[in-house]
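Reading through the structure tokens given below for one structure.
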Amino acid sequence: MTMRVLSGIQPTGRFHWGNYFGAIRQYIELQHQTPNAFYFIANLHALTTVRDREELAQNTLDAAIDLLALGLDPQRATLFVQSDVPEVSELCWLLLTGTPMGLLERCHAYKDKKERGLPADAGLFTYPVLMAADILAYDSEVVPVGDDQVQHLEVTRDLAASFNHHFGQTFVLPKAKVMPAAARVPGTDGAKMSKSYGNTLEVFEDPKSLRKKIMRIVTDSRPMEEPKDPDSDHLFQLYSLFASDGDRESMAALYRRGGFGYGEIKKALADVAVDYFAAARTRREELAGQPERVRQILADGAARARAKAAEVLDRARRACGLVY
């Protein structure tokens, strides 16, 4: 049996380096390992945070263009938009009917918001169940996740196992493919790169604007001549994402030797980052001028995804007595 891989990414804004190195690069690698790779743009999930229809629609199209420009191949992988597969929403309801409230109350996103005194809606509360439906709808066997998302896979497995227990073998129990810790990307302030922290460096940001943003990255005030530990410096960590092994070692040696200014590192980082995404930037410009081509790719992907999701939904409906 060929390995079936699934992952989704939210269209809540333009992709940044953290999105690319933490997830998208792995999507592209996995598409060469299996013909059954399903990747979706999670616009239903994004509704919990994006409340402007034009913004969500444009973000969705931009996300597709960005993924294709970065190397996702629609001939190798199925790329589609979450809301174009309505079977997932019905499957979500089937799972919700057997989901314990306590399980959802323990999930990180909802729990963290409540602890911070922030309002949390039913969409956020039931978010893990929709995510479970996304995964189970395609008989997914492997789901690439960061270590902070492992809980979602555990919830999915719990819900699938419970359904199978009550109604017979219906769902495949997926396994997590945890991305390496090295995929955690620091932002301009040294904290984890995140749109919510306002510390991102975008993949397709204009090179001139990107250079200015890199030059403003916060650094410490140690004197130039003082040796520094590269492993604890977020500028070096960012540089390491792009540099070859040889260049990385040379930069690390410079840190340990001292006698340099951070401006020198920032310039090297900007140069290597602009060069790294140059080809993808050219492809993106071409795709942005062909929106109907991109929409057709998404429509074709949705048709393939719906065919599989319909098969799984029918199996689930029959198992629990909805077909009479």
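Observations
- Annotation: amide H of V81 within the under-5 Å range of I41, A302, sequence separation 5 or more or interchain, hydrogens built in the peptide plane.
- For segment 148-160, backbone phi angles converted through the Karplus equation (6.51, -1.76, 1.60; θ = phi - 60°) give residue-by-residue couplings of 7, 10, 4, 4, 4, 5, 5, 4, 4, 5, 4, 5, 5 Hz, Gly and Pro being listed as x.
- Computed [θ] at 222 nm, helices only, for the chain once each DSSP H run of length n ≥ 4 contributes -39500 (n - 2.57): -16500 deg cm²/dmol
- Residue-wise HN-Hα couplings along segment 317-324, as the Karplus relation 6.51 cos²θ - 1.76 cosθ + 1.60 with θ = phi - 60° gives them from phi, are 5, 5, 4, 9, x, 7, 9, 10 Hz; Gly and Pro carry x.
- Here segment 174-231 has 53 percent of its accessible surface on carbon and sulfur atoms, given a 1.4 Å probe and all protein chains in place.
- Accessible area per residue for the chain is 49 Å², calculated with a 1.4 Å probe on protein heavy atoms, without ligands, DNA or RNA.
- Sequentially through segment 125-142, phi angles give Karplus couplings (6.51, -1.76, 1.60; θ = phi - 60°) of 4, 9, 3, x, 6, 4, 5, 5, 5, 3, 6, 6, 5, 10, 6, 5, 9, 10 Hz, Gly and Pro residues having no value and appearing as x.
- Residue list for segment 116-139, given a label point 7 angstrom along the Cα-to-Cβ vector of R315 and an amide N cut-off under 11 Å: 136-139
- For a paramagnetic label modelled on Q33 (point 7 Å from Cα along Cα→Cβ), amide N atoms under 12 Å away belong, within segment 133-151, to 142-145.
- GNM flexibility winner over the chain from V185, V150, V85 (Cα, springs under 10 Å): V150
- For L322 and A278, the FRET efficiency from 1/(1 + (r/R0)^6), where r spans their Cβ atoms and R0 equals 56 Å, is about 0.60.
- A 1.4 Å probe, protein heavy atoms only, puts the accessible area of S240 near 20 Å².
- Taken over the C-alpha atoms, the chain has Rg and Dmax values of 21.6, 79 angstrom.
- Assigned charges on the beta-carbon of Lys, Arg, Asp, Glu; segment 164-314 dipole about Cα centre (debye): 380 debye
- Computed from label points 7 Å out along Cα-Cβ, the spacing between R293 and A191 is 4.0 nm.
- Taking each of K175/K266; K114/K308; K111/K195; K114/K228; K113/K213; K195/K228 in turn, the alpha-carbon distance tops 32 angstrom for K175/K266; K114/K308; K114/K228.
The values are calculated or read from the model by the stated rules, or taken from the named source; none is laboratory data. Quantities reported herein were computed from a predicted structural model and do not represent experimental measurements. We place every Cβ from the backbone using ideal geometry, glycine too, and count neighbours over all the protein chains shown. Areas reflect the complete protein model, heavy atoms only, side chains present, ligands, DNA and RNA absent. Shrake-Rupley method; radii C 1.70, N 1.55, O 1.52, S 1.80 Å.
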